[in-house]
Amino acid sequence: MAATFDLDHFISLFPGASVHKDGTAIEYTVEDSTYRIYNPDESNDGTSLTLDVKLDHVRGGATDDHVGLSLVFDSSAVLQSVAYSWEAGNDGYTIPRTLVVAIDTGIEVVGGLGAVETGGASVVAAQAAVVIFDTCAFVYNQIASHMVKWTDNGGRFYFLPVVGHCINRLGSSVSA
Amino acid sequence: MNFNYNTFAQKLDGYPGMDVDDEHDNYGWVQWDRGSTDDFNKVVNYTFKNDDGEFEYETWHQETSLVPGGVGMMVSCKIDFNRATGDDHIIVMSGFDSDGNMNFAQASVQFHGSEDNNIITSQITSGDIPQGVYSAIKSGLKDSYGHVDDSTEGRHTLPDIAKANLQAMAAAVSK
């Protein structure tokens, strides 16, 4: 049986968010920039759950920056893969769809499964946390590597943490 | 897990050479847009002084999210280096384990203008993590990088600014 996604819980994790686009998206403002997160499209094949999410960095008077995410969770609610694409507004710079297989990131920023078990979490919950953590850090760095010559007022750069927090919050809204 | 914004500001103020503005009110947190009441619109303004001069910065209200099961936390923020010719920015992303200990951090430095390459650090996952980010940024800075009133000294404070912020973030997180 596939894991399930709780949209209301997901939305609640964005502080100060307001509903937009006839209820199909939320927006929240961080610093001096606004970001839009569309409600994920859900699909499952009976064992795995896929969440497809669009994100915008809202730029007044200019074309928005766009990110597309596709996350796949197994039946235990453990993240299996993330695919992302990035399209910068106006200048047309794009990062084509890139697939990250979660268990292959090899970062283990949390120091392995034992470190999070001290939090009293079950083994599966701890594993889910480790994978989310590692994947967010990996995706952040992978996208950042494209930014060597980018310039803007900071809102485009902060889109990176927005993507990371979004992956994290999606993972926190999926349960077995 | 919790992020204490007042502890952050206090710890930042204690970094050598650092002085937080308006620290007697709300520990230095002020609305960037005086018409806003949104927490994410708050900043801490501060100066960093060294032998080369005194430079101005602001750190924006940090964004936090708990990892699944609440067994860790991700914390990010943007830091502005206020320059007369256009701000530089540091974006910091960090993670904390279930005991509230920092387990990774990474930073990207975006320079105003297009003449200098931005600096993207790798994930620092062991040892003194704030110091690791400091070293990573410092190694990417060149003497020719940027100008503050026709000098390069301002941008050479950026490793200290990232380190001070990460140390303050680490102090602010508790389980």
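The values are calculated or read from the model by the stated rules, or taken from the named source; none is laboratory data. Bear in mind that the values here come from a model prediction, so they are computed numbers and not experimental data. Virtual Cβ from ideal backbone geometry, glycine too; neighbours counted across all protein chains shown. Areas reflect the complete protein model, heavy atoms only, side chains present, ligands, DNA and RNA absent. Shrake-Rupley method; radii C 1.70, N 1.55, O 1.52, S 1.80 Å.
Open to solvent by 20 Å² or more (accessible area, probe 1.4 Å), over 18 Å from B:A171 (Cβ atoms) and within 12 Å of chain A (Cβ to nearest Cβ): is that true of B:D25 in this structure?
No, not satisfied.
Within segment A:28-46, does at least one residue satisfy the condition of being open to solvent by less than 50 Å² (accessible area, probe 1.4 Å) and farther than 21 Å from A:N168 by Cβ? Checking segment A:28-46: at least one residue is open to solvent by less than 50 Å² (accessible area, probe 1.4 Å) and farther than 21 Å from A:N168 by Cβ.
For segment B:55-62, the criterion of being open to solvent by 30 Å² or more (accessible area, probe 1.4 Å), part of a helix (DSSP H, G or I) and away from every other protein chain (no Cβ under 11 Å) is satisfied by no residue at all. Taken together, the criteria exclude A:L99 from residues that are touching a helix residue (DSSP H, G or I) at 6+ places or on another chain (Cβ under 8 Å) and either surrounded by 14 or more Cβ atoms within 10 Å (Cβ to Cβ) or on the phi < 0 side of the Ramachandran plot (or both). Of the residues making up segment B:89-129, just one is buried (at least 24 other Cβ atoms within 10 Å of the Cβ), more than 9 Å from chain A (Cβ to nearest Cβ) and either among the charged types (D, E, K, R) or over 20 Å from A:F157 (Cα atoms) (or both), namely B:F96.
Scanning segment B:34-54 for residues that are open to solvent by less than 20 Å² (accessible area, probe 1.4 Å) and within 11 Å of chain A (Cβ to nearest Cβ) turns up B:F40, B:N41, B:V43.
A:T50 passes every criterion in (1) touching a residue at least 24 places away in the same chain (Cβ under 8 Å); (2) open to solvent by less than 40 Å² (accessible area, probe 1.4 Å); (3) of a type outside the set (D, E) apart from (1).
Restricting attention to segment B:66-88, the residues that are over 16 Å from B:N165 (Cα atoms), facing chain A (nearest Cβ under 7 Å) and part of a strand (DSSP E or B) add up to 1.
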